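J.: One structure, as structure tokens, below. Some questions next.
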Amino acid sequence: MSLLDHLPVLVVLLPLMSAPLCVLVDRPFAGWLIALVASLLSFASAIGLLLQVGGGDAISYQLGGWAPPWGIEYRIDLLSAFVLLIVTGIASLVMLFARHSVTAEIPEGRIARFYAALLLAFAGLAGIVATGDAFNVFVFLEISSLASYAVISMGRDRRALNAAFEYLIMGTIGATFILIGIGFLYMMTGTLNMLDLAARLPEVADTRTVRAGFAFLTVGIGLKLAMFPLHLWLPNAYAYAPSAVTAFLAATATKVAVYVLLRFTLEIFGAEFSLGAMPLDLILMALGLIGMLSASLVAVFQHNVKRLLAYSSVAQIGYMLLGIGLASTTGATAAILHIFNHALMKGALFLAVGAVAYRIGAVTLRDFAGLGQRMPWTTAAIVLGGLSLIGVPPTVGFISKWYLVLGTLEQGLWPVAALVLIGSLLAVLYIWKLVEAAYFEPAPAGADTAHEAPWSMLLPIWLLVGANLYFGIDTDIPVGVATQAADALIGSGR
Amino acid sequence: MTPELLLTWIPLLPFGAAIGVVLARNHPNLRDGISIAAGVILFVLIAALAANLDWEAPPTLVMATPVAGLSLALTPEPLGILFALIASLLWPITTVYAVGYMRTNREHNQTRFYAAFAVSIAAAMCIALAGNMLTLFVFYEVLSISTYPLVTHAGTDKAKRAGRVYLGLLMGTSIGFLLLAMIWTWSLTGTLDFTAGGVFGDDTDSGMLSVLLMLYVLGTGKAAVMPFHRWLPAAMVAPTPVSALLHAVAVVKAGVFTVVKVSVYIFGIDTISAIAAADWLLALSGFTIIAASVIALNKDNLKARLAYSTISQLSYVVLGCALATSMGIIGGSMHIAMHAMGKITLFFCAGAIYTAAHKTEISQMDGLGRVMPITYGAFLIGALSVIGLPPLGGSWSKWFLLVGAADAQQMAMIAVLLVSSLLNVAYLVPVAARGFYRGPPSGAHTGHVAIREAPLACLVPLCLTAFGCLLLFVYADALYAFLLPIAAPATTP
């Protein structure tokens, strides 16, 4: 076997094995370098994977040579390769950004261990996506969650401890629910392999155990992806975590949870069971819509910019849930597309806010006063990212919105389409608060020492902003992959 | 150059000018020279495009394909060429005017101003030449955003509030209604290309078409049909060159241009004449025409009065579309050009008065005509053109609109047009009359500085556009022949 055949496991293994290395060297710069190199290599592996599965055939990798369904199988199809690309790509950019940011926000003695924890969180997320084994999902989920609690608690603000604790409680409940759900499924089918589960579940679908398992799984995953009203852990966790962590988690963690939801509901249970026999389609649509509108409304009244963007994330997750709830190919395409597009916009926004935190020290709206003059490039990035969030063409946000509204109209749900667009208008309100503060408020006296962020921060920010614009115009790759993946998911259930 | 190459350069040139303006920020003369030169070249390019164009098989430039089957594409057609010609002709003239205005009034951030201006023109060009609704929408939004820094140029609280109203209404309507209408059309027909005769099949439910038409027209906030007109008076807080070119020509005309495009190429004149919404639209535009004129009558601030006058005049174009007769469409389209030339003259004069005398309220302008005869003469010409009196351009478009209304047997609309003309007289002529006939209020104009005409850079452009109003009267038949093809499908049902 050549190295290329091992890509499915390498993409997880590289960050996983580099984490202890960081602890061993225990030096800030070396830790950063290891994290960066591991992420970049992992990113390269993800690109390789996407190229391999681009033709439509999934890769099956048997861990330790044990054949599925007994052994653990890593299974990379188009959807997982796509999500892996997002996770590893964002991780690489965040690591690039992290060097200065982390030096400023984390005490020097803990920096190497911080990178170790961040790499573990990253490895966990990659593992969730790569694996084809339901129990393995739980294992990686716990790896990434525990590491996330640790990195969140390292935020400068002491409230980070409280936020991490809240997240710990909620996240553990979620993980437990997922475990119970998987247990129920194992009880009924005797298998943990996803494909095997998908094949065996229809026979026993009409039992209370499977239905209960389905419910446990949905709620558990709902907690991890911050589905309204299970989102309460998210705003504080995002607001008080170190800047690099916020950017990383916002752009990847909830996206991976959406991926898990897609995997379980549409592939393992099948669209017919999840969205037909069970009323999940209505639940997802209703919760998605409520989350979208209420979280956007709350975001309008936030003063801390990181919290504002965190609430916006909850709202954006609503868009994805709505897409899945539509139970159509277009809807699923919109959801998958928005996983990618939202990672691009939130990644850019949180990184830019991180750059502001690095230069100014705090990120309330008051600190944004006069920022347009002092940090023109960073502020311009925030404006462009914000426009993408609103869904103004020609940005990626517009493309997501296009498919989502198209999906709702296809089913004649024009009031839902109107609500989606109202959601965008709420985004105009909260983004424009930032713009006005940055360009119209005079800078507070005595604060004129701040200047533009270093290039190592601007580079990842503007790479993401560029991607926001580029993929808003040339949409062949994301739309092509999302359409194919949606076809495969919806098709497999019918 | 081949037409395809011309199409590539037309949007690139003003975008390039914007970059040049930013690069030359430390050399004001070079910077302003770039804008003027780009404007002149742009006009030549569009004229060249119009001159060697095969209307039967127009060239198409596909920029990108963001949604499968739906591309960002430029395709010239008569109406778009007309709009592009006007906007590009008035851009260099306005820039000359702006140089005089901005320097005399010592405005700050001039580089940002000229750069945003150039981007707005680029967006207007792409709107004019858009080959499908998606392209039009994309650049419609670009235009909204690129004009925002111009509206809020002053940076004061008032400008900030105006900016909120401006962006809120324009983006609110476009995302809330226009985007919805577009995606709905796409899901019904699978195309958004501008197609002669419309894209909807005969079997489309007429009730649904009515809703769609209203969504399109109300979604086009830039057309300022009531009740979504408030952004236009709000935008008057911008420096006068912006009000002149963007809020009398490029932005608002982009709005009514969109309405005409949608009426002619998405719905088709025949379809519109068959659906109920045409009557709603007639009523709405008729109401806007009269109501905005009445409000204009009561405004003492000159720019506010002109803004409400613009709202009223824009609805002439919407009215022309709602009449759904070929004369109505031609009259409406022609009004885009005629009103542009007249209204920009009026705004130029308002700015010249502000520059020379620092007066903004009409009640304070008594007797100014005697010291600023050229400005006031041009104002009178512009006013008469907007009113629609011969020998000025505005008379033709009103004539065709009246013919169109008669064709459609809409006597009520004929009455609306006539009453509106009277109202135009009532709110525009007194401005000039007070300037010429009333003596200056006692004690005024006796300060240290005597009021004189505005600087030459302001004066020349407003004379040019006033002269343009005359020219448009003489060459209206060329315009008519040029526009005839777009109304052709309706004449041969």
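The values are calculated or read from the model by the stated rules, or taken from the named source; none is laboratory data. Only a predicted model underlies this, so the values are computations on that prediction, with no experimental measurement involved. Please note: Cβ atoms are built from the backbone with ideal geometry, for glycine as well, and neighbour counts cover all protein chains shown. With ligands, DNA and RNA removed, areas are computed over all heavy atoms of the protein, side chains included. Shrake-Rupley method; radii C 1.70, N 1.55, O 1.52, S 1.80 Å.
J.: What is the angle, in °, between the Cα long axis of helix A:329-360 and the longest principal axis of the Cα atoms in chain A? Nearest 10 is fine, range 0 to 90.
T.: 30
J.: Here is a further query. With angles folded into 0 to 90 degrees, how steeply does helix B:456-474 sit against the dominant principal axis of chain B? Use alpha carbons for both and round to 10.
T.: On a 0 to 90 degree scale, this one is about 40.
J.: Related question: What average count of beta carbons from other chains do you get within 10 Å of the Cβ of residues in B:39-51?
T.: Other-chain Cβ atoms within 10 Å of each residue's Cβ, averaged: 0.
J.: Sticking with this structure for a sec: Can you give the FRET efficiency to the nearest 0.05 for B:Val40 and B:Val62, using r as the Cβ-Cβ distance and R₀ = 25 Å?
T.: So, using R0 = 25 Å, E works out to roughly 0.30.
J.: Here is a follow-up. At a temperature of 20 °C and a viscosity of 1.002 mPa s, determine how fast chain A diffuses translationally according to Stokes-Einstein, using the Kirkwood radius over alpha-carbon pairs as Rh; express D in µm²/s, rounded to the nearest whole number.
T.: The estimated diffusion coefficient comes to 96 µm²/s.
J.: Under a point spin-label approximation (7 Å from Cα along Cα-to-Cβ), what is the B:Glu361-A:Ser60 distance to one decimal in nm?
T.: Result: 8.5 nm between the two label points.
J.: I would also like to ask the following. Got a number for the accessible area of A:Thr172? Probe 1.4 Å, square angstrom, nearest 10.
T.: Number for this one is 60 Å².
J.: A further question on this structure: With an 8 Å cut-off on Cα pairs and a minimum separation of 6 or more residues, tell me the relative contact order of region B:3-491 in percent.
T.: Across region B:3-491, relative contact order equals 15 percent.
J.: If we sort A:348-354, B:457-463, A:89-95 on the protection proxy, mean other Cβ atoms within 10 Å, highest first, what's the order?
T.: Per-residue mean Cβ counts within 10 Å order the peptides as A:348-354, A:89-95, B:457-463.
J.: Let me ask something else. Under 15 Å Cα-Cα from A:Lys433, which aspartates and glutamates qualify once same-chain neighbours fewer than 8 residues away are excluded?
T.: The reachable aspartates and glutamates, counting only those whose Cα sits under 15 Å from A:Lys433, are A:Asp367, A:Glu441, B:Asp157.
J.: Take every Cα pair under 8 Å in chain A that's 6+ residues apart, average their separations, divide by the length, and report that relative contact order as a whole percent.
T.: Relative contact order, chain A: 14 percent.
J.: For A:Trp402, A:Trp462, A:Trp32, B:Trp55, write out the residues from largest to smallest accessible area, computed with a 1.4 angstrom probe and no ligands counted.
T.: So, going from the largest accessible area down, we get B:Trp55, A:Trp462, A:Trp32, A:Trp402.
J.: Follow-up question, since we're still on this one. Shielding of B:128-141 by partners, i.e. mean partner chain Cβ atoms within 10 Å per residue?
T.: Mean shielding count: 2.
J.: Using Cα atoms only, what is the angle between the long axis of helix A:111-130 and the major principal axis of chain A, expressed in degrees (0 to 90) to the nearest 10?
T.: Orientation of helix A:111-130: about 30 degrees from the principal axis.
J.: At 7 Å along Cα-to-Cβ for each site, give me the label-to-label distance between B:Leu471 and A:Leu33 in nm.
T.: Result: 6.9 nm between the two label points.
J.: Okay, moving on. Which FRET efficiency value, to the nearest 0.05, is calculated for B:Asn26 and B:Ala48 with the Förster distance at 56 angstrom and r the Cβ-Cβ distance?
T.: Between B:Asn26 and B:Ala48 the formula returns 0.95.
J.: Starting from the 7 Å offset along Cα-to-Cβ, what nm value, one decimal, do you get for the label separation of A:Glu108 and B:Leu5?
T.: 6.3
J.: If you don't mind, there's one more thing I want to ask. Give, as a single signed number, the net charge of other residues whose beta carbon lies under 13 Å from the beta carbon of B:Ala223, with Lys and Arg counted +1 and Asp and Glu -1.
T.: +3
J.: Report relative contact order for region A:270-494 in percent, whole number only (criteria: Cα-Cα under 8 Å, sequence separation at least 6).
T.: Here the relative contact order equals 29 percent.
J.: Could I ask something else about it? Lysines near B:Lys299 by alpha-carbon distance under 16 Å, same-chain residues fewer than 8 away left out - which ones?
T.: Hits, sequence-local ones excluded: B:Lys359.
J.: Please report, as a whole percent, how much of the solvent-accessible surface of region A:282-359 comes from carbon and sulfur atoms (probe radius 1.4 Å).
T.: Percent of accessible area from carbon and sulfur atoms in region A:282-359: 73.
J.: Here's another thing I want to ask about it. Heads up, I need the accessible area for A:Ile169: 1.4 angstrom probe, whole protein in place, Å², nearest 10.
T.: Here the accessible area works out near 80 Å².
J.: Here's something else I'd like to know. Anything over 29 Å Cα to Cα? Flag those among B:Lys160/B:Lys398; B:Lys160/B:Lys222; A:Lys306/B:Lys253, in the order listed.
T.: Violating the 29 Å limit, Cα to Cα: B:Lys160/B:Lys398; A:Lys306/B:Lys253.
J.: For the interface of B with A, what's the total buried accessible surface in square angstrom, probe 1.4 angstrom, rounded to the nearest hundred?
T.: Buried area between the two chains comes out at roughly 2500 Å².
J.: Tell me the carbon and sulfur percent of the accessible area for region B:3-491, rounded to whole percent, probe radius 1.4 Å.
T.: Roughly 66 percent of what the probe reaches on region B:3-491 is carbon or sulfur.
J.: Which residues of region A:467-485 bury at least 50 Å² of accessible area once all protein chains are present, versus their chain alone (1.4 Å probe)?
T.: A:Ile473
J.: Would you kindly state how much longer the chain becomes between B:Leu418 and B:Asn298 on full extension, computed as 0.36 nm times their sequence separation minus their alpha carbon distance, in nm to one decimal?
T.: Contour length minus Cα-Cα distance gives 41.2 nm.
J.: Here's a follow-up. Enter the mean number of other protein chain beta carbons within 10 Å of the beta carbon of each residue in B:172-181, as an integer.
T.: 5
J.: Can you divide the C-alpha Rg of chain B by 2.2 N^0.38 Å and report the result to two decimal places?
T.: Its radius of gyration relative to the 2.2 N^0.38 Å reference: 0.92.
J.: Quick one: net charge of A:Thr395's neighbours, Cβ under 14 Å, K/R +1, D/E -1?
T.: Cβ neighbours under 14 Å give a net charge of 0.
J.: Here's another thing I want to ask about it. State to the nearest 20 debye the size of the charge dipole of the protein assembly as shown about its Cα centre, where the only charges are +1 on K and R beta carbons and -1 on D and E beta carbons.
T.: I would put it at about 3180 debye.
J.: Ignoring ligands, DNA and RNA, what accessible area per residue does region A:270-494 give at 1.4 Å, in Å²?
T.: 31
J.: Using only protein heavy atoms and a 1.4 Å probe, report how much of A:Asp281 is accessible, in Å² to the nearest 10.
T.: Accessible surface of A:Asp281 is approximately 40 Å².
J.: Could you bin all the Cα-Cα distances of the protein assembly as shown into 20 Å bins starting at 0 and give me the percent of pairs in each, rounded to whole numbers?
T.: So the P(r) values, bin by bin, are 14, 41, 31, 13, 2, 0.
J.: On average, how much accessible surface per residue is there in region B:1-100, in Å², for a 1.4 Å probe, leaving out ligands, DNA and RNA?
T.: Accessible area per residue: 40 Å².
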